[in-house]
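Notes for the one structure printed next.
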Amino acid sequence: MIRGSCCCGTIKFELSSEPNMMGTCHCSQCRKVGASTIVFVNKDSFRWIQGREFISRYESGIYTRCFCQKCGTALGEVESQEDSFPIAANCFDDDPIVRNLFHEFVTSKPVWYEICDDVTQFPEHPVKS
Ligand SMILES: [Zn+2]
Ligand SMILES: [Zn+2]
């Protein structure tokens, strides 16, 4: 099991299998909510342990960004009904096994953030680049 939780421990979940992939988005929205590095998980592998009722939502365009209403930890799209959805890599307690596969929206990257891996960089979203 790969466990994840928020900073205050109110929200807990686990994955029964390794996620599909990890990516890093440098757009200002992901950066400001604190969910730049995300992990795509299969809905079938995701299980709530506790605290789902303490989730707050921020609707930003096409995404619903979830966070803990007590401590503010960004969780990603944990309530998505898609077959695969992104979770903030920050909230994992165990090694999610996958490693960063790409950087997107690199044109929005702040100057103080230095990319230190060799994976593919997309100027904007991969499908548009
Ligand atoms: Zn919390
Ligand atoms: Zn983004």
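The values are calculated or read from the model by the stated rules, or taken from the named source; none is laboratory data. All values derive from a computational prediction rather than experimental measurement. Note that each Cβ is placed from the backbone with ideal geometry, even for glycine, and that neighbours are counted across all protein chains shown.
Criterion applied to 11, 2 was being within 17 Å of residue 68 (Cα to Cα), in contact (Cβ under 8 Å) with a residue 40 or more places away in the chain and buried (at least 16 other Cβ atoms within 10 Å of the Cβ), and the one residue passing it is 11.
If you check residue 92 against the conditions, is it within 15 Å of ligand 2 (Cβ to nearest atom), aromatic (Phe, Trp, Tyr) and out of contact with any Pro (no Cβ under 6 Å at 6 or more places or on another chain)? For residue 92, the condition - within 15 Å of ligand 2 (Cβ to nearest atom), aromatic (Phe, Trp, Tyr) and out of contact with any Pro (no Cβ under 6 Å at 6 or more places or on another chain) - is not met.
Looking only at residues of segment 96-129 that are among the hydroxyl-bearing types (Ser, Thr, Tyr) and over 15 Å from residue 28 (Cα atoms), we find that the one that is modelled with the highest pLDDT is 120. You will find that of 105, 46, the residue that is of a type in the set (Phe, Trp, Tyr) and under 25 Å from residue 122 (Cα atoms) is 105 and no other. Checked against the criterion of being within 24 Å of residue 103 (Cα to Cα) and modelled with pLDDT under 95, the candidates 23, 4, 61 yield just one match: 61.
Could you tell me which of the residues 98, 111, 78 is within 16 Å of ligand 1 (Cβ to nearest atom) and assigned to a loop (DSSP other than H, G, I, E, B)?
78
Within segment 51-65, residues that are aliphatic (A, V, I, L, M) reach partners that are in a strand (DSSP E or B) and more than 10 Å from ligand 2 (Cβ to nearest atom) with beta carbons closer than 9 Å, at six or more positions or on different chains, in the pairs 55/66; 55/67; 55/68; 55/75.
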